[in-house]
Amino acid sequence: MVFLVDMQSFYASIEKAEHPELRNRPVVVSGDPERRGGVVLAACPIAKSYGIRNAETLWEAQQACPEVVVVRPRMEIYVKTSIQLTEILERFSDKVEPYSIDEQFIDVRGSEKLFGEPNEIAKKIQAAIQQELGLYARVGMGPNKVLAKMACDHFAKKNKSGIFELNYENLRNELWPKPISNLFGVGSRMRRHFEKMGIRTIGNLAQYPLERLKRRWGINGHVLWMTANGIDHSPVTTRSFQKRKAIGHNMTLPRDYRTEEEIQVVILELCEEVCRRARKHRLMGRTISVGSRGAIYEIPTGFHRQMTLGDATNDTMTIFHHAWELFLQFWDEQPVRSLGVQLGQLESDQTIQLNLFQDRDKEMRIGYTMDAIKERFGPTSILRASSLLPASQANERARKIGGHYK
């Protein structure tokens with residue numbers, strides 16, 4: 001049996017657990033509105049009863065509930081709590097796979113002799129999390145990951161026990177009558193396509209001729225048909241995040257950046273961060289991608305372009321020179337709101353291509369030495385001179401995790 005363990009209103013619940021005086025009050029966790037971050041990241045059940053939803057603006061939340069308590073996010077605490085959650089689940093099985101910061105898969109097959117039947121194990125997991133973290137967990141159960149996920153999202157979150165099993169025996173009666181938008185993997189655009197084809201429920205899709213779906217949607221149509229029928233062969237694995245396809249970093253700027261000089265500072269810092277993460281995993285990359293988004297949200301502008309290098313590298317300045325070249329080539333000289341840099345086609349750094357005109361080994365050692373200094377003394381212990389300029393975001397970024405303050 002596979003479980004999906006989901007934490008109710010994760011960020012908001014952590015804040016309530018640490019501040020008992022907020023227990024009976026509507027609470028939302030929101031970014032700083034003065035720095036373009038005024039979006040609700042999490043709303044507690046009381047706040048949701050007023051109509052507040054995740055991802056809406058803080059202003060909308062305050063209009064719906066003027067007495068709502070706004071708490072600034074503390075990402076370091078949330079990440080540590082997520083790690084503690086993993087440690088609790090690992091007592092029940094050695095197969096635990098984090099799906100997101102507040103959702104984790106656990107395969108309990110083989111654990112029944114130690115902890116009882118699946119429903120009993122789910123209750124013990126709930127009790128352990130409640131006792132040790134002060135948080136409420138919902139548990140979706142199924143023979144595979146996709147059924148466990150939908151059991152949690154559409155049933156466990158809505159019943160009193162917070163536990164629900166979706167299996168091949170009750171699939172037809174419980175899942176198939178649900179609207180097609182409830183199927184895992186179906187977004188608003190795909191929903192509209194399906195409805196135009198007369199597919200309005202999950203059951204409609206499950207019974208639709210597979211060959212017709214494959215002709216129209218290819219592999220994606222086949223996968224959605226399998227999902228509707230509860231078929232998922234992917235195992236619960238502890239190695240789900242070990243194989244990286246690319247390493248990237250994006251940044252939403254605190255104000256509109258208009259000049260080459262300002263933008264260049266940020267792109268260099270993005271390249272520094274991407275290369276640091278690549279070096280941490282002993283990787284190099286051959287493909288550089290640069291993305292930019294304009295300052296006016298209502299009028300989408302910007303680009304995303306990439307280029308392939310002759311040799312793989314994780315050297316900051318090499319990546320920066322190519323990234324800057326890409327940016328200048330495609331920038332429309334309009335104000336910029338966000339920037340991103342990505343390194344792809346990753347490979348091990350244990351083998352490098354020698355160059356008669358370039359000491360690549362020395363360049364790589366410099367990068368690893370800088371990383372070691374930052375690891376020991378902090379991310380701002382050694383900075384490039386450009387990071388002392390007003391456009392720099394290095395010091396501000398060092399205070400954050402995942403774009404939010406620690």
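The values are calculated or read from the model by the stated rules, or taken from the named source; none is laboratory data. Given the structure is predicted, the values throughout are model-derived calculations rather than measurements. For neighbour counting, all protein chains shown are included, and Cβ atoms are generated from backbone atoms with ideal geometry for every residue, glycine included.
Summary table below
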quantity	calculated
Any pair with Cβ under 7 angstrom, 6 or more apart, that starts in region 263-283 at a residue that is over 11 Å from Y368 (Cα atoms) and touching a residue at least 12 places away in the same chain (Cβ under 8 Å) and ends at one that is among the small types (G, A, S) and in a helix (DSSP H, G or I)	V265/S386; I267/A323; L268/S386; E269/S387; E269/A394; C271/A323
Residue under evaluation P177, criteria (1) exposed (fewer than 15 other Cβ atoms within 10 Å of the Cβ); (2) at pLDDT 95 or above; (3) assigned to a helix (DSSP H, G or I); (4) not hydroxyl-bearing (S, T, Y), criterion not met	(3)
E67, sole failed condition from (1) within 18 Å of the chain's Cα centre (by Cα); (2) not in a helix (DSSP H, G or I)	(1)
When residues of region 138-174 are limited to those that are closer than 21 Å to V236 by Cβ and assigned to a loop (DSSP other than H, G, I, E, B), the one farthest from the chain's Cα centre (by Cα)	Y168
Total residues in region 263-289, condition in contact with a strand residue (DSSP E or B) (Cβ under 6 Å, 6 or more places away or on another chain) and part of a strand (DSSP E or B)	6
Residues (at pLDDT 80 or above and either of a type in the set (A, V, I, L, M, F, W, C) or touching a Leu at 6+ places or on another chain (Cβ under 8 Å) (or both)) located in region 354-386	I366, M370, A372, I373, F377, I382, L383, R384, A385, S386
Residue within region 74-96 that is of a type in the set (G, A, S) and assigned to a strand (DSSP E or B) present	no
For A128: the one exception among (1) modelled with pLDDT of 95 or more; (2) part of a loop (DSSP other than H, G, I, E, B); (3) aliphatic (A, V, I, L, M)	(2)
Selected residue (criterion: modelled with the lowest pLDDT) from residues of region 99-115 that are loosely packed, with under 14 Cβ neighbours inside 10 Å and in a loop (DSSP other than H, G, I, E, B)	G110
Every residue from region 41-52 that is more than 13 Å from E15 (Cβ to Cβ) and either at pLDDT below 90 or surrounded by 21 or more Cβ atoms within 10 Å (Cβ to Cβ) (or both)	I52
Hits in region 277-310 - residues which are among the basic types (K, R) and under 16 Å from A323 (Cα atoms)	R286, R293, R305
Single residue of region 116-140 satisfying the filter (under 20 Å from L166 (Cβ atoms), touching a helix residue (DSSP H, G or I) at 6+ places or on another chain (Cβ under 6 Å) and among the hydrophobic types (A, V, I, L, M, F, W, C)) that is surrounded by the fewest Cβ atoms within 10 Å (Cβ to Cβ)	I121
Residue that is surrounded by the most Cβ atoms within 10 Å (Cβ to Cβ) [pool: residues in region 182-229 that are of a type in the set (V, I, T) and in a helix (DSSP H, G or I)]	I202
Considering residues of region 63-93 that are of a type in the set (D, E, K, R) and free of Cβ contacts under 8 Å to residues at least 60 places away in the same chain only, the residue surrounded by the fewest Cβ atoms within 10 Å (Cβ to Cβ)	E67
